[in-house]
1. Which of Gly87, Gly233, Val72 sits farthest toward the positive end of the charge dipole of the chain, with +1 on the Cβ of Lys and Arg and -1 on the Cβ of Asp and Glu?
2. Quote the charge dipole size of the stretch 256-406 about the Cα centre in Debye, to the nearest 20; the model charges only the Cβ of Lys and Arg (+1) and of Asp and Glu (-1).
3. Between 0 and 90 degrees, rounded to the nearest ten: what's the tilt of helix 265-274 against the longest Cα principal axis of the chain?
4. Cα centroids of the stretch 75-100 and the stretch 279-329: how far apart, whole angstrom?
5. Quick check for you: which residues of the stretch 322-347 have the amide N under 12 Å from the point 7 Å beyond the Cα of Glu295 toward its beta carbon?
6. At q = 0.21, 0.22 Å⁻¹, what log₁₀ I(q)/I(0) does a Debye calculation on the Cα points of the stretch 149-278 give, no solvent, two decimals?
7. Report the residues of the stretch 274-294 in range of a label on Ile253: point 7 Å along Cα→C-beta, backbone N strictly under 20 Å from it.
8. What are the GluC sites (Glu not before Pro) within the stretch 293-387 that DSSP puts in a loop, where the Cβ has at most 10 other Cβ atoms within 10 Å?
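Just so it is clear, none of the values below were taken in a lab; they were calculated from the coordinates. None of the values given here were measured: they were computed from a predicted structure. Cβ sites come from the backbone with ideal geometry, for glycine too, and all protein chains shown count toward neighbours.
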Amino acid sequence: MKILVINAGSSSLKYRLFDMDRQTVLCAGIVERIGEAMGQLVHKIRPDQSGEERFRVDETFPTHKEALAEAVNFITDERIGVIRDAGEIAAIGHRVVQGGELFKAPCLVTEQVKEGIHSLIPLAPLHNPGHLIGIETAQSLFPHAPSIAVFDTEFHQTMPPKAFMYGLPHYMYEQLSVRRYGFHGTSHRYVVKRAAGFLQRPLEELNFISCHLGSGSSIAAVRNGKSVDTSMGMTPLAGLLMGTRCGDIDPAIIEYLMANTGMTAKEVDKILNKDSGLKGICGTNDVRDILEMRERHNPMGILAFDMLVYSVKKYIGAYYAILGGVDGLIFTAGIGENCPILRAEVCRGFEHMGILLDFEANERWGEDVRLISREDSPVPVFVVHTNEELEIALATEQVLLAQSGR
Ligand code: ADP
C-alpha cells in the first residue's frame with residue numbers, strides 16, 4: 001500500500017510517499033513560496049538514503065493545487081517517477097497541528113472533520129488554515145483516495161484535568177478553550193512505541209519520559225503508554241527553552257514589557273516566539289554553533305547551553321516525580337539525537353534516580369533506536385530517531401484498515 005503524507009503550511013507544502021509494505025520512503029519533497037512571484041519545488045527520490053536523487057524547479061505556484069499537481073508529476077513521471085499512476089496512492093495522511101478537544105485519535109476527513117479543524121483556527125491561527133488548504137487540495141487532486149487527519153495534539157488528550165488546566169477563571173476554559181494541549185504528539189508516540197519495541201514489552205505496561213529536543217522542544221510524561229503531562233501548553237511557546245521560543249516565563253512579563261517599551265501584545269508575542277530562547281540569549285538558535293561558542297569560552301554561549309540543560313533537567317525531575325518510576329528516558333529530534341554532550345549533561349546528577357549513562361555508548365552513532373545507558377542502569381536511556389511522517393503514515397494505514405473492517 002502507498003500512502004502520501006502531507007504537511008501543508010500557509011505558503012508551503014511538504015510531502016513524503018511511503019511504501020507501507022516495506023515501510024520505506026519512495027520519494028519526498030517540499031514546495032515553498034506558494035502564492036509568491038517565484039516558488040520552488042525540491043523533489044527527492046530515495047531521500048536520506050545512499051543513491052538519493054534530487055530535482056529542483058523554480059516556477060510560480062499560484063496556489064497549493066498547482067504545487068501538489070507538480071509534485072504528483074514528479075511522483076508519476078515516466079522517467080523518474082516512483083509509481084506509474086496517482087491512483088496507486090491508497091490514502092493521504094495530513095499533519096494537523098491543533099486538534100483541540102475535538103480530536104482524540106486520527107480520523108477520516110469528512111465535511112464535519114473539516115468544520116472541526118476550521119473551528120480550531122483561533123487556537124492555531126498560523127497552522128490550521130494551511131492544513132485545511134492542504135486537505136482540500138488533496139481531496140480535489142485525489143478524489144478516490146481518502147484523506148486522514150493526524151493531529152499533533154491528540155496523543156496528549158489523555159492528560160488528566162489536573163495536568164491540563166491552568167489556574168485561571170474556569171470560564172476561560174469553558175468558553176475560550178484555554179488549557180494545555182501539548183504538541184509533538186506524533187513524535188512522542190512514535191518514539192515511545194520504538195522504545196517499547198526495543199524492550200520487547202507492551203507499551204501499555206511502560207512509563208517513559210520522552211524528550212523531543214529540536215528547534216521546538218517538548219518533554220512528555222508517559223504512563224502505561226499514555227501521555228499524562230507535557231511541557232508545551234495551549235500553544236508551543238511554553239515549557240523548555242527552545243531555539244527561538246522563550247519557554248516558561250512569568251506571564252506578568254508581557255504586561256511589563258508592553259507598559260515599559262510601548263510594544264503591542266502582538267509585537268511582544270513575536271519576540272517571545274522568534275527572538276527568544278537560545279537565540280535571544282546568545283544570538284544563535286543552532287546548538288552546533290553554541291557548542292563552538294562554548295569551546296571558545298564565550299560566556300553567552302555557555303549560559304545558553306547551561307540554561308537549555310537546566311530546563312530539560314527540571315522537567316525530567318518533575319515528570320519522574322509525577323510518574324513515580326520510569327522504564328525509560330528517551331532523547332529524540334535534532335538536538336536529542338545528535339548532541340551527546342547535552343545528553344551527558346542532562347543525565348549528570350540523576351544517578352540517584354537510577355539513570356546511569358554509558359559515556360562511550362552515548363558518543364556512538366548508529367541504529368535508529370539505541371541504548372546509551374549502562375547495563376546495570378535501572379532506567380534504560382535511549383536515543384530514538386524520530387519519524388513523524390512515518391507515524392502519520394502508520395496512523396493513516398490504521399484508520400484505513402479500520403474503515404474497511406479489517
Ligand atoms: P525541526 O525538525 O523542528 O526543524 P530538528 O529536530 O531537526 O528541528 O532540530 C534542529 C536542531 O537540531 C538545530 O537547530 C540544531 O540546533 C540541532 N542539531 C542538529 N544537529 C546537531 C548536532 N550535530 N549537534 C547539536 N545539535 C544539533
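1. Gly233
2. So the magnitude is around 540 debye.
3. Taking Cα atoms only, the helix is inclined about 90 degrees.
4. Using only Cα atoms to place each centre, the spacing works out to 38 Å.
5. none
6. Listed by q, the Debye log ratios stand at -1.22, -1.28.
7. In the stretch 274-294, the label zone of Ile253 (backbone N under 20 Å from the point 7 Å along Cα→Cβ) covers 274-287.
8. Glu375
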